[in-house]
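Since every read-out is calculated from the coordinates, none of them should be taken as a lab result. Remember, predicted model here, so these are calculated numbers, not experimental data. Cβ: placed from backbone, ideal geometry, glycine included. Neighbour counts: every protein chain shown.
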Amino acid sequence: MKTDGAIAIEGGRLIDPAAGLDGRHDLLLDGGVVRAVDKPGAFRSAPVERRIDARGRWVVPGLIDLHCHLREPGYEYKETVASGAAAAVAGGFTAVACMANTDPVNDSAAVTRFILERAAAAALARVHPIGAVSQGLRGERLAEIGEMRAAGIVAVSDDGQPVADAALMRHALEYCRMFGIAVIDHAEDPGLCAGGAMHEGATSHRLGLKGIPAAAEEAMVGRDLLLAQLTGGRLHVAHASTRGTVELVRAAKARGVRVTAEVTPHHLTLTDEAVAEYDGNAKMKPPLRTADDRRALAEGLADGTIDAIATDHAPHHRDEKAVEFEAAAFGVVGLETALALSLRLVEQRVLDPARWVRRLSTAPAEILGVAGGTLRAGAPADVVLIDPDAEWTVEAAGLRSKSKNSPFLGWAMKGRASCTIVAGRVVYEHSTAASERRDG
Amino acid sequence: MPFTQRHLLGLEGLPAEEIVHVLDTAQSFVEISERDIKKVPTLRGKTVINLFYEASTRTRTSFEIAAKRLSADTINISAATSSAQKGETLADTARNLEAMRPDAIVIRHPASGAPHLLARAVSSPVINAGDGAHEHPTQALLDLFTIREKKGRIEGLEVAIVGDVLHSRVARSNLHGLRALGARVRLVGPPTLVPEGFGGSGVSIHHDLKTGIAGADVVMMLRIQHERQGANYFPSVEEYSRLFGLDRAALADAKPDVVILHPGPMNRGIEISSEVADGPYSLILDQVTNGVAVRMALLYLLAARGRGEPEREAEERASS
Ligand SMILES: [Zn+2]
């Protein structure tokens with residue numbers, strides 16, 4: 001990525017849990033990396049190309065999304081690498097990891113390279129491709145994971161569907177040990193979730209929709225934790241949605257299984273009651289669960305059972321949502337609402353600001369094994385300035401993603417990225433004038 | 001008490017007074033059906049579209065007769081002849097129908113929530129004639145009407161709904177309507193088809209037919225779908241019938257004046273024996289007759305308002 005001149009970020013509250021910092025510190029970026037962190041005013045006479053006034057802002061390592069769908073190649077009408085990256089930086093993400101369920105599937109080094117080329121051309125967020133576990137996501141034969149790893153994948157996953165065959169999952173976990181990468185688990189038992197459109201419970205019964213029981217997720221999480229234990233492989237549980245999953249992961253961590261887990265902002269915010277009037281924008285996998293599950297997810301996030309918040313940004317065209325609920329596509333966009341939605345947890349004192357940064361930046365970097373997640377000298381100059389008090393409203397027209405399938409349209413939000421810097425280059429700046437036009 | 005709904009998408013949340021108002025209005029239309037000339041000019045010049053994505057001779061015919069007796073013009077669109085076959089989405093169909101400015105659209109659809117989707121897209125009133133496993137409000141209203149006609153009241157009655165509750169829109173609508181009017185509801189069937197907690201608190205669940213209908217004033221049988229057997233909700237129709245088929249012996253512990261309802265079409269000898277279906281307490285044919293009156297009432301209450309006819313004038317005509 002090309003590098004601009006030096007930037008000094010002054011007067012902000014710098015929060016970097018990896019370095020144990022939370023306070024008034026100025027930051028100097030140069031040559032695409034963090035040059036120095038020092039006391040306020042330290043860089044006043046440094047020869048920089050630009051000074052950014054960060055008073056009233058949090059200055060944190062760029063957010064890293066472990067889990068999104070950029071849809072390119074194959075579904076460019078939903079999203080492209082470029083439009084997804086634009087949404088990412090507007091949402092405060094300096095890096096995103098994109099799932100393999102494109103067309104063609106990212107099950108080869110050629111597709112991995114293609115995605116990286118598109119990302120380089122867009123020159124916005126860093127894009128880390130995730131390779132498929134199985135060829136064509138068919139769940140039969142392992143994809144060429146080593147070839148894809150050499151081309152730049154950071155993990156493998158058949159996300160969008162589970163690895164139904166336990167023996168294949170076992171081999172994936174074993175094989176990936178060689179590369180030190182995680183197998184990301186989209187956990188749902190295919191039989192238990194077949195035909196399901198939402199969480200199975202009082203609301204699905206009321207609406208007459210086929211449900212997906214919590215056990216559909218937990219049965220697969222339980223299986224895969226045992227396989228991780230068997231193989232010593234690294235398992236990462238995607239989009240944990242139930243209390244049972246949190247408990248299974250907590251117990252597995254306690255006995256030393258190499259497992260990490262993520263949760264989405266929508267599962268932390270909504271319950272199955274959001275489906276109420278058959279709103280297609282409240283349909284995703286795993287489905288929105290109960291208030292009790294939501295509470296357990298927040299607890300798991302607070303105590304570290306759940307390591308990270310990931311968006312599962314899943315863009316769909318409006319025609320794929322404006323149909324009968326059971327026919328609507330699964331998934332919601334999330335890159336541009338994750339920051340504000342997850343900041344609610346800080347307001348609710350579920351997370352302190354340092355833990356919040358850890359869950360959205362430090363931990364995802366560790367799980368993916370990528371640089372970033374800290375602002376220590378020498379780290380990539382990936383920084384986001386956050387205005388924690390900015391109030392705004394989610395509007396379709398304001399979203400940079402090509403798709404607008406958000407269950408949060410019309411919601412009042414607090415907190416947003418005011419400036420996003422990738423590799424020392426400002427790639428996004430929130431323009432107050434533009435936002436006032438949008439928000440007005 | 002006026003009827004304030006713009007659409008009839010379900011009975012859930014419908015206030016008791018409005019349900020009673022529909023039943024009372026239907027009462028006034030029963031008389032028309034008994035006349036020699038079964039037609040009134042109430043909806044003359046109005047257009048009612050019957051949009052059926054599922055075959056249902058019974059319900060469609062009932063709506064069509066109801067509309068014709070009110071002098072409305074009716075247009076029947078069935079999935080077999082509509083552009084649904086060519087892949088037109090419901091949203092597009094809705095836009096096309098809207099352009100025809102109908103005064104009411106009656107929709108039957110295999111997907112739960114389809115009428116909600118339609119209602120969001122059109123400005124005419126939408127009447128749900130059955131959506132997936134969600135609701136079938138006009139069926140429940142005619143059931144309520146039939147029960148009230150026979151028993152003189154709904155409040156305080158013990159009503160057992162027996163069968164595939166999980167997949168039944170009739171059961172859901174009746175559950176809402178019966179509870180709104182003060183009946184006590186039991187759900188009876190195997191745990192695969194009557195899940196624990198279904199219907200929330202205040203609904204009792206039974207997995208034994210005899211105890212489930214003991215002391216019942218009303219037994220409502222649901223049609224069993226053969227395809228549930230393939231999905232392992234029960235092992236065979238024969239076993240289902242042995243456990244939950246309603247025959248005279250099973251009725252032994254029900255109230256002596258128990259009445260039996262079935263939304264049709266019946267599987268004789270499976271969920272209901274012929275001696276019960278054709279027996280003295282069976283209201284199955286009354287249901288069919290009352291269905292027309294209830295649908296007339298709904299078309300009148302919704303379609304008459306559709307074009308902004310003065311409310312009062314219409315009210316007077318109905319009660320005359
Ligand atoms: Zn997934």
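Would you calculate, for chain A, the mean residue ellipticity at 222 nm contributed by helices, counting each DSSP H stretch of 4 or more residues as -39,500 (n - 2.57) and dividing by all residues, to the nearest 500?
Working: 14 runs with 130 residues, N = 440.
About -8500 deg cm²/dmol.
Relative to 2.2 N^0.38 Å, what does the C-alpha radius of gyration of segment A:1-61 come to as a ratio? Two decimals please. Numbers along the way, then the final one.
Working: Rg = 11.0 Å, N = 61, 2.2 N^0.38 = 10.5 Å.
So the Cα radius of gyration is 1.05 times the expected 2.2 N^0.38 Å.
Give me the one-decimal Kirkwood hydrodynamic radius in Å for segment A:1-157, with the sum taken over alpha-carbon pairs.
Working: mean 1/r = 0.0579 Å⁻¹.
When all Cα pairs of segment A:1-157 are included, the Kirkwood radius is 17.3 Å.
Using +1 at the Cβ of each Lys and Arg and -1 at the Cβ of each Asp and Glu in chain B, identify which of B:9, B:204, B:283 lies farthest towards the dipole's positive end.
Toward the positive end, the furthest listed residue is B:9.
Please report the base-10 log of the normalised intensity I(q)/I(0) for segment B:1-92, using a Debye sum with one equal scatterer per alpha carbon and no solvent, at each q in 0.18 (1/Å).
For the requested q values the scattering log ratios are -1.04.
How large is the Rg to Rh ratio of chain B when both quantities use alpha carbon positions and Rh follows Kirkwood?
On the way: Rg = 19.4 Å, Rh = 20.0 Å.
A ratio of 0.97.
Between segment A:398-431 and segment A:73-136, what's the alpha-carbon centroid distance in Å?
Segment A:398-431 and segment A:73-136 have Cα centres spaced 18 Å from each other.
Please get the size of the charge dipole for segment A:60-368, origin at its Cα centre, with Cβ charges of +1 on Lys and Arg and -1 on Asp and Glu, quoted in debye to the nearest 20. It would help to have the intermediate numbers written out before the result.
Values: 31 positive and 41 negative charges, 158 e Å.
My answer is approximately 760 debye.
Per 10 Å bin, what is the whole-percent P(r) computed from every C-alpha pair distance within segment A:60-368?
Reading the bins upward from 0: 7, 29, 38, 23, 2, 0.
For segment A:164-312, just say rounded, prolate or oblate: build the C-alpha gyration tensor, square-root its eigenvalues into a ≥ b ≥ c, call rounded for a/c under 1.5, and beyond that prolate if a/b exceeds b/c, oblate if not. It would help to have the intermediate numbers written out before the result.
Working: a/c = 2.29, a/b = 1.65, b/c = 1.39.
Prolate.
State whether segment B:50-197 is rounded, prolate or oblate according to the following rule on the C-alpha gyration tensor (a ≥ b ≥ c being the square roots of its eigenvalues): a/c under 1.5 gives rounded; otherwise a/b larger than b/c gives prolate, and the remaining case gives oblate. Let's see the in-between values first.
On the way: a/c = 2.43, a/b = 1.62, b/c = 1.50.
Cα axes put segment B:50-197 in the prolate bin.
Once R0 is set to 56 Å, what does the formula 1/(1 + (r/R0)^6) return for the Cβ-Cβ distance between residue A:51 and residue A:76, expressed as a FRET efficiency to the nearest 0.05? Walk me through the numbers before you get to the answer.
Values: r = 39 Å, r/R0 = 0.69.
Given R0 = 56 Å and the Cβ-Cβ separation, E is 0.90.
When the Cα centres of segment B:117-169 and segment A:246-272 are compared, how far apart do they sit, in Å?
Taking the Cα centre of each part, segment B:117-169 and segment A:246-272 sit 41 Å apart.
For segment A:67-147, what is the convex hull volume of its Cα atoms per residue in Å³? Provide the component values of the computation, followed by the final result.
Numbers: hull volume 6.2 nm³, N = 81.
Considering the Cα atoms of segment A:67-147, their hull volume per residue is 76 Å³.
Just tell me how shielded A:202-212 is by partners: mean number of partner chain Cβ atoms within 10 Å of each residue's Cβ, no decimals.
Working: counts 5, 0, 3, 9, 10, 11, 16, 6, 5, 2, 0.
What the average comes to for A:202-212 is 6.
Would you mind checking which residues have amide H under 5 Å from residue B:8's amide H? H placed 1.01 Å from N; only 5 or more apart, or other chain.
B:126, B:127, B:128
Cross-link candidates for residue B:210: which lysines have Cα within less than 21 Å, leaving aside residues fewer than 8 places away along the same chain?
Once the sequence-local lysines are set aside, what remains near residue B:210 is B:255.
Which aspartates and glutamates, if any, have their Cα less than 14 Å from the Cα of residue A:402, not counting same-chain residues under 8 positions apart?
Filter leaves A:72, A:76, A:79, A:319, A:320, A:336.
So which lysines pass the test for residue B:39, namely a Cα distance under 21 Å, with those fewer than 8 places away in the same chain ruled out?
B:68
Over all distinct alpha-carbon pairs, what is the Kirkwood Rh of segment A:284-410 in angstrom?
Details: mean 1/r = 0.0606 Å⁻¹.
Hydrodynamic radius (Kirkwood, Cα pairs) of segment A:284-410 is 16.5 Å.
Return an integer: the convex hull volume of the alpha-carbon atoms of segment A:32-72, in Å³ per residue.
On the way: hull volume 6.4 nm³, N = 41.
Convex hull of Cα atoms, per residue: 156 Å³.
Give me the orientation-averaged projected area of the Cα convex hull of the protein assembly as shown, in nm², one decimal. Before the final figure, lay out the partial values.
On the way: hull surface 141.0 nm².
Averaging across all directions leaves 35.2 nm² for the Cα convex hull.
State the number of lysine pairs found in segment A:60-368 whose Cα atoms come within less than 18 Å, restricting to pairs 8 or more positions apart or on distinct chains.
On the way: A:78/A:283; A:78/A:285; A:78/A:321; A:210/A:283; A:210/A:285; A:210/A:321; A:283/A:321; A:285/A:321.
Close lysine pairs found across segment A:60-368: 8.
Given a Förster radius of 56 Å and the C-beta distance between residue A:276 and residue A:44 as r, what FRET efficiency does 1/(1 + (r/R0)^6) yield to the nearest 0.05? Present the calculation step by step, with values, prior to reporting the outcome.
Working: r = 55 Å, r/R0 = 0.99.
Computed FRET efficiency for residue A:276 and residue A:44 comes out at 0.50.
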